[in-house]
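Engineer: Submitted below is the structure of interest, expressed as structure tokens.
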Amino acid sequence: MKSIKLTESEIQDFCIEYKDFELPTKNEYISHFFNIDGAYVSIFNSGKILFQGINLERFSKYLNHESEAEQLSLDLDEDADDTPYDYMNTIGADEVGTGDTFGPICCAAVFIKVSDIEYLKKLGIRDSKKISDDRIIKLGEIIKNKYKYKVNIVRNEIFNDKSNELNMNEMKAKLHDQNIKNLAKEVKYDAVCLDEFVNRDKYFSYLDSDAFKDIAFEMKGESKSIAVAAASILARYFFLLEFSRLEELYGYKLPKGSGKNVKLMIDKIREDGKEDIFYHIAKMSFKNFSEE
């Protein structure tokens, strides 16, 4: 899946070339829709064009050049309010916890309809990286109760058992694939957008042949899709719940991240003679545990 912006003349040329494949569309944001031998092409009123499905190499003359519109509209392409995913019913996927020594890894996929976009924008979903943990809990409750989602929580015991078999990116790929496949069975989606942590080829190298294929990989996916931003918040929500459970169960106020405070906490737990709890509260393959 890939999106680009075309000029009016380029759109006209495309429509003429593939007129025999055009189908009607009920999406008010889409001016033309094509099913070209398993490749789905949506042309938006804004001039954006989204390529999905298989055999996309046939469109190389459009995909492999910088069009006049792209040269003139780079700022527009970076505009968070002008992304094709927010004009489509989208499954968004993201994860949290992969940089935290303490606590789980949480991967989430959320389905957001076009009709929900404005409501979620008003809640401030787009700016999730700047949202406080208290606000995350409130927003996570809303998302969990209003929208279809799937979540995978890898607690520390599981991570520590699997870390010798799977690297972090392989683990994330498998979790995302499971979430997306399960959610896609339950909803009528137009697009699937994943916050990119590895490139497409590497991602699929971690998965079996039955992996869910039609995914858009987007750097800074939260800024390009409300669905990805919602998934990020929901993943953070479940991370915070599990983090609080660990703190209450083991009696330590655990720091987040993997900085200096984390090393100090590791040292304290060791001084307390409670090293056995690391298996339950921390990712023991992280370098904090190998530093003297």
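Engineer: What net charge do the residues around P255 carry, taking every other residue with its C-beta under 14 Å from that of P255, with Lys and Arg at +1 and Asp and Glu at -1?
Structural biologist: Spelling it out: positives minus negatives among the neighbours equals +2.
Engineer: With n ≥ 4 as the cut-off for DSSP H runs, can you work out [θ] at 222 nm for the chain, using -39500 (n - 2.57) per run divided by the number of residues, rounded to the nearest 500?
Structural biologist: -11500 deg cm²/dmol
Engineer: To continue, here is another question. Listed highest first by mean packing, meaning other Cβ atoms within 10 Å per residue, what order do 141-147, 22-28, 49-55 come in?
Structural biologist: 49-55, 141-147, 22-28
Engineer: Take each uninterrupted DSSP H stretch in the chain, measure its Cα extent along the helix axis, and return the ones at 18 Å or beyond whose mean Kyte-Doolittle hydropathy is at least -1.0.
Structural biologist: Counting only whole DSSP H runs, the qualifying helices are 133-146, 168-184, 226-250.
Engineer: Can you give the local net charge around F197? Use residues other than it whose beta-carbon is closer than 10 angstrom to its beta-carbon, Lys and Arg +1, Asp and Glu -1.
Structural biologist: Computed value for this residue: -2.
Engineer: Further, regarding this structure: Kindly sort L120, L249 by accessible area of their heavy atoms, largest first, with the probe set to 1.4 Å.
Structural biologist: Heavy-atom accessible area, descending, gives L249, L120.
Engineer: For F289, tell me the accessible area in Å² from a 1.4 Å probe, rounded to the nearest 10.
Structural biologist: Rounded to the nearest 10, that gives 40 Å².
Engineer: Continuing with this model, one more query. Please tell me which of these pairs span more than 29 angstrom C-alpha to C-alpha: K122/K253; K2/K148; K144/K263; K148/K274; K220/K260?
Structural biologist: K122/K253; K144/K263; K148/K274
Engineer: Using a 1.4 angstrom probe on the protein heavy atoms only, line up M219, M265 by accessible area, largest first.
Structural biologist: Per-residue accessible area, sorted high to low, gives M219, M265.
The values are calculated or read from the model by the stated rules, or taken from the named source; none is laboratory data. Note that this is a predicted model, so its numbers are computed, not measured. With ideal geometry, Cβ positions are generated from the backbone for all residues, glycine too; neighbour counts draw on all protein chains shown. Just the protein is used for accessible areas: all its heavy atoms, side chains included, with ligands, DNA and RNA removed. Shrake-Rupley method; radii C 1.70, N 1.55, O 1.52, S 1.80 Å.
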